[in-house]
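A quick write-up on the structure given underneath.
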Amino acid sequence: MSPGLLGFVVVALLGFALYILIKSMNKQMSKIQVPREGEIEAEAAREDEKAKK
């Protein structure tokens, strides 16, 4: 006995929901501003200079 039309509809809806969630996650991830490696090192150097004074 096969799951039939209901099984297909459930799987299709889950796939569509997953697509929407991944699309939304990518949109939110693109909003995150990650500092570059050089910026991190420059900030650390500035903090070291302040600590020495």
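Things to note:
- For segment 37-53, a residue qualifies if it is in a helix (DSSP H, G or I) and basic (Lys, Arg), and the qualifying residues are ARG46, LYS50, LYS52.
- In summary, ALA44 fulfils each of the numbered conditions (1) at pLDDT below 85; (2) under 24 Å from the mean Cα position of the chain (by Cα) with the single exception of condition (2).
- Which numbered condition VAL34 fails, given (1) β-branched (Val, Ile, Thr); (2) assigned to a loop (DSSP other than H, G, I, E, B); (3) surrounded by 10 or more Cβ atoms within 10 Å (Cβ to Cβ): (3)
The values are calculated or read from the model by the stated rules, or taken from the named source; none is laboratory data. As the structure is a computational prediction, the values presented were derived from the model and not from experiment. Positions of Cβ are generated from backbone atoms using ideal geometry, with glycine treated the same way; all protein chains shown enter the neighbour counts.
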